[in-house]
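The values are calculated or read from the model by the stated rules, or taken from the named source; none is laboratory data. Note that the structure is a prediction, hence the values are computed from the model and not measured. Counting neighbours? That spans all protein chains shown, and the Cβs are built from the backbone with ideal geometry, glycine included. To get the accessible areas, we keep the full protein, side chains included, count just its heavy atoms, and leave off ligands, DNA and RNA. Shrake-Rupley method; radii C 1.70, N 1.55, O 1.52, S 1.80 Å.
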Amino acid sequence: MVSEKLWWEFWPRESAADELDASLGRLRFDHVDLIYCTTLPAELSVEQAVAEVAALLAAGKARAWGVAMWPPAVIEAATLAAAAQGIEPPCAAQMAYSLLSRAEAEGPQMTAALRRAGAGLVASAALEGGLLTGKYDSPAATGRLAGGRDDPARRAALGTRYGPRAARAGRGVGDLGRRARGGVRARSPGAGQRARRRDRARSARRGRRRRRTARRAERRRPRAAARAGRLIAGSSSRGARQTHRGGHYAASMALPAGRR
């Protein structure tokens, strides 16, 4: 699946169609499977944005649409606007969702908005910007989130949720976060790409095995043909000798008894 985003960076000078056309030209595609609408400019209403998305769907430039970083109230407004435009509501909603940041995505308002739209949650920043990778477990770690562990909210979440479990397991919080990712139902945006890479690698291995088998069969074919030719020639010569002997025996049987 190929997805793209409408950033509305140059709207209204650049419409949604113009922005997507530029992206398709760079990708050398004629359409995308999913188009996300990011946070709208202040001058762009939800109804107008949905109308521009409807035009993209009608033109076949996108097959489905979703939203990214939209609050619940705006998602509900988009669902109503989509019904008015005669298109399906957003099928996906991308938002920050990790082991440390779950309150917004799991809140009752967001849950209700996604349920009304029938939209699935697509996790963004699933590793909390790298904080859950273990990169910042050491006090000497450097990087853009080196001070992230000093944030009171994050420190409280790390300590109350995962600190005791990590200490009992003898691991860092980052390692525990990596292992706990299997329990998150939301799918990481890169998971499909990794699955496609695995499928391509598996197909390539099967293709190489088939080609090796074909080359071996090609090398064996002349030897098999030569062996078959020798067998045919040998059987023909034995048949000729048996026929000759049989003929001699028949001729001798035809002679008078005194001349045998």
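One table, with the values for the structure above:
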| read-out | value |
| --- | --- |
| Cα-centred dipole magnitude for the stretch 58-138, charges only on beta-carbon of K, R (+1) and D, E (-1), debye, nearest 20 | 240 debye |
| Sites Thr38 and Ser203 - FRET efficiency at Förster radius 45 Å, r taken between beta-carbons, to 0.05 | 0.80 |
| For the stretch 1-148: accessible area per residue (Å², 1.4 Å) | 50 Å² |
